[in-house]
1. Could you state the number of Å between the C-alpha centres of the range 181-250 and the range 1-28?
2. Can you tell me which of 94-103, 274-283 comes out highest on packing, and rank the rest after it, using the mean Cβ neighbours within 10 Å?
3. Name the long-range amide H neighbours of GLN5: under 5 Å, sequence gap of 5 or more, or other chain; modelled H, no Pro or chain starts.
4. Give, as a single signed number, the net charge of other residues whose beta carbon lies under 14 Å from the beta carbon of LEU16, with Lys and Arg counted +1 and Asp and Glu -1.
5. Given THR283, ALA353, ALA333, which one lies farthest toward the positive end of the charge dipole of the chain, if we put +1 on the Cβ of every Lys and Arg and -1 on the Cβ of every Asp and Glu?
6. What is the range 131-266's relative contact order, in percent, from Cα pairs under 8 angstrom and six or more apart in sequence?
7. Ranked from highest to lowest mean number of other Cβ atoms within 10 Å per residue, what is the order of the peptides 5-14, 333-342, 224-233?
8. Indicate the gyration tensor shape class of the chain (rounded, prolate or oblate), computed on the Cα atoms with a ≥ b ≥ c the square roots of the eigenvalues: a/c under 1.5 is rounded; otherwise a/b larger than b/c is prolate and the rest oblate.
Amino acid sequence: MQALQIHAGPRARAQLRERGLTPADVRVIPAAAGGPKGLALNPLDRFLFGHWLRDAPQTLHLMGASIGAWRMACACLPDADAALAQLADDYIAQEYPHAPGKAPKARDVTRVFGATIDARLGARANELLAHPTRRLHVVTSRGRHLMRREGRLRTPLGYLGAFATNLVSRRAMGGWLERVMFSDPRESLPFALHDYRTKQVPLAAGNLGAAVLASCSIPFWLDAVHDIPGAPRGAYWDGGITDYHLHLDYAQMGEGLVLYPHFQATVVPGWLDKALTHRHAATARLSNVVLLAPNPEWVKAVMPNGKLPDRGDFKAYGERIDERRRDWARAVAESRRLADEFAQAVQRPSIEALPLV
């Protein structure tokens with residue numbers, strides 16, 4: 001059974017069929033939010049950034065939300081393979097102080113997790129932003145009006161408002177939450193962000209750690225990050241709220257492909273769109289996207305519990321932390337198949353990809 005499925009938009013499928021895929025073809029790499037699901041992509045990330053794309057001479061735009069931002073930030077470090085391996089170790093080892101039988105408090109998760117981000121990324125921001133070819137773009141969600149500051153009442157009321165307006169239209173949710181993209185100032189993205197209310201802020205050594213922490217700050221699980229240096233004042237949350245899977249207008253790019261290591265075959269626009277299946281279908285914006293995803297049947301057959309790691313595991317395993325760590329480590333080990341099969345695929349002169357769904 002194949003572990004890896006390769007999906008592609010029409011333009012990308014034609015190119016893969018004609019001449020396969022080389023490092024020189026890639027211009028953009030998105031990385032979705034999804035918490036522990038990102039662990040299944042770790043061996044593939046390590047192969048892509050530590051080996052296959054290591055000597056690619058062209059500019060590579062790496063953009064991510066939540067764990068995707070953490071992954072792409074590691075990929076911009078000089079020792080990307082080692083940094084991504086450390087990410088998996090850190091993520092698997094997660095444990096937060098809490099009272100017996102109680103969930104950890106958001107402030108404690110923020111403090112412990114923030115220290116990890118600061119040590120692994122914030123302290124190395126200058127190295128990361130000096131990579132000769134890779135440009136990092138971190139997606140965050142900034143609260144507006146009622147949500148401009150975090151609060152016991154205003155935050156749940158604000159998210160209720162965001163949920164209700166998102167049912168009407170995704171753009172309408174921009175009245176509550178706007179996308180703030182923190183980007184390497186050396187070069188802008190090769191496509192416009194016109195689909196949703198957006199502000200762009202230059203990444204710098206003084207705000208990189210805070211931006212990545214904000215992008216990972218799941219509402220109610222972590223505290224919002226307030227008043228990030230160099231950015232508009234306000235409360236910043238998980239980038240996955242506005243851009244769960246970064247369903248952006250990549251087709252605007254004049255040349256090159258988008259290579260998307262993902263944990264599923266569909267690209268859902270925002271976190272609040274998860275239940276709105278009519279928004280899950282592929283669009284013309286993804287015409288030049290090559291998406292790499294685990295085969296769902298392979299996942300059922302080989303992964304612990306027949307699924308990818310997910311956030312529900314924290315509750316399901318509870319105090320059995322060593323069991324969770326064991327099973328997540330096994331999931332990462334099994335996922336080596338994804339990297340191995342991709343390495344084989346790119347050796348072929350032609351690749352027959354599945355359509356995007």
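Laboratory data are not the source of any read-out in this text; all were calculated from the coordinates shown. What you are looking at is a predicted structure, and each value in this text was computed from that prediction instead of being measured. Methodologically, a virtual Cβ is constructed for each residue, glycine included, from the backbone with ideal geometry; neighbour enumeration extends over all protein chains shown.
1. The range 1-28 and the range 181-250 have Cα centres spaced 28 Å from each other.
2. On the way: 94-103: 10.7, 274-283: 13.3.
Those peptides, ordered most packed to least, come out 274-283, 94-103.
3. Amide H neighbours of GLN5: ALA293, ASN295.
4. Working: positive: ARG11, ARG13, ARG17, ARG19, ARG348; negative: GLU18, ASP25, GLU352.
That works out to +2.
5. THR283
6. On the way: 210 pairs, mean separation 39.9, N = 136.
Relative contact order comes out at 29 percent.
7. The densest-packed peptide leads the list: 5-14, 333-342, 224-233.
8. Details: a/c = 1.41, a/b = 1.21, b/c = 1.16.
It comes out rounded by the Cα gyration axes.
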